Structures are given as C-alpha cells and as structure tokens.
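Just below is one structure, and these are the notes that go with it.
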Amino acid sequence: MESLRQHSSALSADVLVVGAGPVGLSLARLLGLRGHQVTIVERKADAYPLPRAVVFDDEIGRIFQNLGLTDEIQNISQAVPDHYEWRNSQGQTLLAMDWSGTGPCGWPIESFFSQPVLENVLARAVADMDNVTVLRNVELTGIQETTDGIVGTCRGPDGPWSIEARFLVGCDGSRSTVRELLGVGMTDLDFRYDWLIVDASLLPEMPPIRCRRSPGKACTRGSGTPRTSRGN
Ligand SMILES: Cc1cc2nc3c(=O)[nH]c(=O)nc-3n(C[C@H](O)[C@H](O)[C@H](O)COP(=O)(O)OP(=O)(O)OC[C@H]3O[C@@H](n4cnc5c(N)ncnc54)[C@H](O)[C@@H]3O)c2cc1C
C-alpha cells in the first residue's frame, strides 16, 4: 500500500467512510458521483476472498444502476430463473418462492452473484474516481465530535494519525467499531446457523438452475468446480 504521506488530501474529507465492504464501497461511489470528497478507511489489506452473500434483489439492482454499473453488474450476476425451495428431510416442499421474472425496480426479482467478484467491481469503480480515496490497512480507533464535523483517529502502517471530516459513516459490518465508539445499542437476536456455501462454475450443458435448501444439505445450484466456505 502507498504511504499515507502520499495521500495528504485524504487527511480531510467531506465524508469519512469506515469499511470497504459492499456497503462502504457503494456509499463512497454514490457520494463521489455527487461530487463529494470521500475517504474510506479499511483495516484489512485485501478484500475477504470467500463467498458470503449470494443473491441480490431488484431493488439492490436499481442501486447498482444508480452507481453507473449496470453492465458491470449484469456481467457478473445471473438472474434466478425459477423458484427457491425449502424441503424437509422427506423431500417435501415446505416453502417455494417464485423468483422468476422482473421485479418492480426493473431488475430480476433475485440474481445470484459472488460477493468477492462483486466487491472487486465496486473497488475498481471507486479506484477510478479522483474524489474517492481508499486507504487499506488503516483501522479507525477513535471518533471525536467537533463543532463542524468529526476527527477520526486511525492506526495504519505509518502509526497513528487523524483525519477531519464533516461526516463519518460506519459501514464496518456486524461487529461495528463505530457503533461501539458512539455507544449505539444493538439487540442481538442471536441468529445462529451453520453455513456451507458452495461456489460452483456451471457446465454449459447444465439444466436450468433450481435453488433448494434441505436440512443438513447445502443450497444446490448444480455441479461444477466448487469452492466452499463455512461460518455460523
Ligand atoms: C457465511 C455468510 C453467509 C452470508 N450469506 C448472505 C446471503 O446469502 N445474503 C446476504 O444478503 N448476506 C449474506 N451474508 C452477509 C453479507 O456477507 C454481509 O451482509 C455483507 O458483507 C455486509 O456488507 P457490509 O459492507 O455492511 O459489511 P462487511 O462486508 O462486513 O464489511 C465491513 C468492513 O469494515 C471493515 N472494518 C471493520 N471495522 C473497521 C475499523 N474499525 N476500521 C476500518 N475498517 C473496519 C472490515 O474489515 C470489513 O471489510 C452472509 C455472511 C456470511 C458470513
């Protein structure tokens, strides 16, 4: 990563975005397109390489359109052609959602995607913008409110430093530092599940995709060369 000293313009911004996940990158792109000076700080050196979120709906599609990325997102996503089903261990269908067709926002009702690939599209889009700076390997550790904004304290490869901004937006995920620093409460409903996500390349001769979820089995989209990740 380039030294912070090469980024002196990043040390003040209209908006400081904390976190370069899909939400932080999308917000930075939206603000940048409207002419605001944006700095993103991201504590990790690289984007997380494994798949997590796998579908987005038509409303999110419209947000991607507002980011000016319609072609790029359509190139890396695939409309769900029919249903999403949940079955019990006897194979009986418990829930079948019709996901075929176009939603009210003009995009497919649901589209499959790979989160690392999507994040790469978003990261490239903000990298092309002169008024958006992404600083990786930089962690926000403190926030101080001032009369006309905030001062964010960060820890990076060059040691601690601070940045002034009119606004700060926490896009730093479920274990949000920003929420903790601001003392914002959250009710954890303790949703816990074991996950197995299989990211597979489909063979050209595959039949139409059906997405099924059964107890003890992964959500299947067909076969191919799988990559897996687990979580809970
Ligand atoms: C196993 C699994 C399966 C999932 N499946 C789905 C799904 O099917 N559908 C769905 O919609 N969602 C799914 N999700 C959730 C989805 O991945 C997240 O909702 C999404 O990544 C949230 O994006 P985000 O940008 O808000 O946060 P994140 O992707 O968490 O990004 C936050 C970023 O902030 C950075 N950060 C945190 N603290 C600091 C700090 N102090 N300073 C600087 N940077 C910081 C982090 O390093 C991180 O890069 C799944 C998640 C997991 C783990």
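Select, from 45, 20, 53, the only residue that is under 20 Å from residue 120 (Cβ atoms), in contact with an Asp or Glu (Cβ under 7 Å, 6 or more places away or on another chain) and assigned to a loop (DSSP other than H, G, I, E, B).
Of the residues listed, the single one that is under 20 Å from residue 120 (Cβ atoms), in contact with an Asp or Glu (Cβ under 7 Å, 6 or more places away or on another chain) and assigned to a loop (DSSP other than H, G, I, E, B) is 20.
Based on this model, can you work out whether residue 86 counts as in contact (Cβ under 8 Å) with a residue 60 or more places away in the chain and more than 17 Å from residue 25 (Cα to Cα)?
Criteria met by residue 86.
Across segment 134-161, what is the total count of residues that are assigned to a strand (DSSP E or B) and either within 9 Å of the ligand (Cβ to nearest atom) or touching a residue at least 12 places away in the same chain (Cβ under 8 Å) (or both)?
19
Among the residues of segment 140-155, write down those that are buried (at least 17 other Cβ atoms within 10 Å of the Cβ) and closer than 19 Å to residue 173 by Cβ.
Residues satisfying the conditions are 140, 143, 152, 154.
Given the condition of a type in the set (Asp, Glu), open to solvent by 80 Å² or more (accessible area, probe 1.4 Å) and without any contact (Cβ under 8 Å) to a residue 12 or more places away in the chain, answer yes or no: does some residue in segment 96-103 qualify?
no
Would you mention how many residues in segment 76-91 are closer than 24 Å to residue 107 by Cβ, hydroxyl-bearing (Ser, Thr, Tyr) and outside any strand (DSSP E or B)?
Final tally of qualifying residues: 1.
Please count how many residues of segment 174-226 are exposed (fewer than 14 other Cβ atoms within 10 Å of the Cβ), within 16 Å of the ligand (Cβ to nearest atom) and at pLDDT 60 or above.
Adding up the residues that qualify gives 16.
Can residue 64 be described as at pLDDT 95 or above, in contact with a strand residue (DSSP E or B) (Cβ under 7 Å, 6 or more places away or on another chain) and surrounded by 14 or more Cβ atoms within 10 Å (Cβ to Cβ)?
Considered against the rule, which asks whether it is at pLDDT 95 or above, in contact with a strand residue (DSSP E or B) (Cβ under 7 Å, 6 or more places away or on another chain) and surrounded by 14 or more Cβ atoms within 10 Å (Cβ to Cβ), residue 64 comes out as no.
Restricting to segment 20-61, and then to whatever is away from the ligand (no atom under 11 Å from the Cβ) and acidic (Asp, Glu), can you tell me which residue is surrounded by the most Cβ atoms within 10 Å (Cβ to Cβ)?
58
I'm trying to understand the selection: among the residues of segment 100-151, which are closer than 21 Å to residue 202 by Cβ and among the aliphatic types (A, V, I, L, M)?
Passing the criteria: 109, 117, 118, 121.
The values are calculated or read from the model by the stated rules, or taken from the named source; none is laboratory data. Keep in mind that this is a model prediction, so the values were computed, not measured. Cβ coordinates were reconstructed from backbone atoms using ideal geometry, including for glycine residues, and neighbour counts include every protein chain displayed. Side chains are part of the model used for accessible areas, which takes the heavy atoms of the whole protein and leaves out ligands, DNA and RNA. Shrake-Rupley method; radii C 1.70, N 1.55, O 1.52, S 1.80 Å.
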